[in-house]
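Heads up, the thing below is written out as structure tokens.
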Amino acid sequence: MATQRVDFTCWADSVAGVERMEAALREEGASSASPLEVCVELGADGVRTGARTVPEAVAVAERIVRSPVLRLAGVAGYEGALAHDRSAAAHAAVTAYLERMLELHRRISHLYDDGEVMVTAGGSVYFDLVADVFGPVQQEFPRTAWVLRSGAYVIHDHGIDAELSPLAHRKREEENLRAALTAVAQVVSRPEPHLAYLDAGKRDLAYDEGLPVPLGYARAVGDPWQPLPGATVTAMNDQHAFVDLGASTDVEVGDVMVLGMSHPCAMVDRWRTLPVVAPDGTVVDLVHTYF
């Protein structure tokens, strides 16, 4: 049986982290013949991981190259944690961070070996800014692979990505991304005129970057969906979503409601298998997730 090659690259943002990796690899018998690929991660004050300054990141890179079982593989970062809108201030913060990544790449360029290295950033919202900053300098670094890590384009959503993606709100509809994932839940209670409770909650649906968006309802899966103008999910607990129906007061117990998601990552995290559903409600395939 043929063996399959696996390439693995990780990140480090501190000398202490590098030393722990080195110690663990040596304990497992690792050698300099197949060193672990490690990128230096640059961060920013108050958000996620990453060395907070370029000099700190340079020190991490210097420690990596002194290790016989590690290889300095480049620079990594994530700009999406620095902003949450499309304002001028957000653009400035993201651009400044990406320029610091380039500064780091230049500062440690003498530490790289003769192999290929990478600079990687680009979440699902600001990948256009990453391209704007990294694109013009690619000829300066012929051995560098520029890696965008935008993942949500595969699914998109009806929430945060639909609002902030550069591939949203474009004049030509065919140029916009379309959400590929929705959730279907059943109405299990109508205790008040404008309120419906659904049999899906925080255990089932994403809520970390906005609550689900009611898109329509039907008497049964496969029936034509009726619109839900003005309906909103106002809250969720573990098992239920609370829907203010707005003007759609003809929704009944037993009806099914289709919900758009905000933040597809949190849905893929919850569901190990996603059903692919045809317009008539028939499940035609299963997609296995690895998140």
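The values are calculated or read from the model by the stated rules, or taken from the named source; none is laboratory data. What you see is a predicted model; the values in this text were computed from it and never measured. Here the Cβ positions follow ideal geometry from the backbone for every residue, glycine too, while neighbour counts run over all protein chains shown. For the accessible areas, the whole protein counts, side chains as well, though only heavy atoms, and no ligand, DNA or RNA atoms are used. Shrake-Rupley method; radii C 1.70, N 1.55, O 1.52, S 1.80 Å.
Considered as a group, the residues in the range 6-49 that are surrounded by fewer than 11 Cβ atoms within 10 Å (Cβ to Cβ) and touching a residue at least 24 places away in the same chain (Cβ under 8 Å) include one that is nearest to the chain's Cα centre (by Cα), and that residue is 8.
Which residue, of 123, 151, is closer than 25 Å to residue 37 by Cα, open to solvent by less than 20 Å² (accessible area, probe 1.4 Å) and in contact (Cβ under 8 Å) with a residue 12 or more places away in the chain? Talk me through it step by step, then tell me what you get.
Numbers: 151 fails: open to solvent by less than 20 Å² (accessible area, probe 1.4 Å).
Sole residue among the options that is closer than 25 Å to residue 37 by Cα, open to solvent by less than 20 Å² (accessible area, probe 1.4 Å) and in contact (Cβ under 8 Å) with a residue 12 or more places away in the chain: 123.
Filtered by the rule that a residue be surrounded by fewer than 11 Cβ atoms within 10 Å (Cβ to Cβ) and either aliphatic (A, V, I, L, M) or part of a helix (DSSP H, G or I) (or both), the range 253-285 gives 278, 283, 284.
Before we move on, is residue 177 open to solvent by 50 Å² or more (accessible area, probe 1.4 Å), among the hydrophobic types (A, V, I, L, M, F, W, C) and under 27 Å from residue 232 (Cα atoms)? The answer is yes for residue 177. With respect to the conditions (1) small (Gly, Ala, Ser); (2) more than 22 Å from the chain's Cα centre (by Cα); (3) surrounded by 15 or more Cβ atoms within 10 Å (Cβ to Cβ), residue 88 falls short on a single one, namely (3).
Scanning the range 50-76 for residues that are crowded, with 17+ Cβ neighbours inside 10 Å, in contact with a strand residue (DSSP E or B) (Cβ under 8 Å, 6 or more places away or on another chain) and either assigned to a loop (DSSP other than H, G, I, E, B) or at pLDDT below 95 (or both) yields 50, 69.
Which number in (1) under 20 Å from the mean Cα position of the chain (by Cα); (2) surrounded by fewer than 22 Cβ atoms within 10 Å (Cβ to Cβ); (3) in contact (Cβ under 8 Å) with a residue 60 or more places away in the chain marks the one condition that residue 144 misses? Unmet for residue 144, out of (1) under 20 Å from the mean Cα position of the chain (by Cα); (2) surrounded by fewer than 22 Cβ atoms within 10 Å (Cβ to Cβ); (3) in contact (Cβ under 8 Å) with a residue 60 or more places away in the chain: (1). Scanning the range 180-210 for residues that are open to solvent by 70 Å² or more (accessible area, probe 1.4 Å), out of contact with any Gly (no Cβ under 9 Å at 6 or more places or on another chain) and over 26 Å from residue 270 (Cα atoms) gives 191, 192, 193.
All conditions but one from (1) within 30 Å of residue 130 (Cβ to Cβ); (2) in contact (Cβ under 8 Å) with a residue 24 or more places away in the chain; (3) open to solvent by 80 Å² or more (accessible area, probe 1.4 Å) apply to residue 163; the one that does not is (2).
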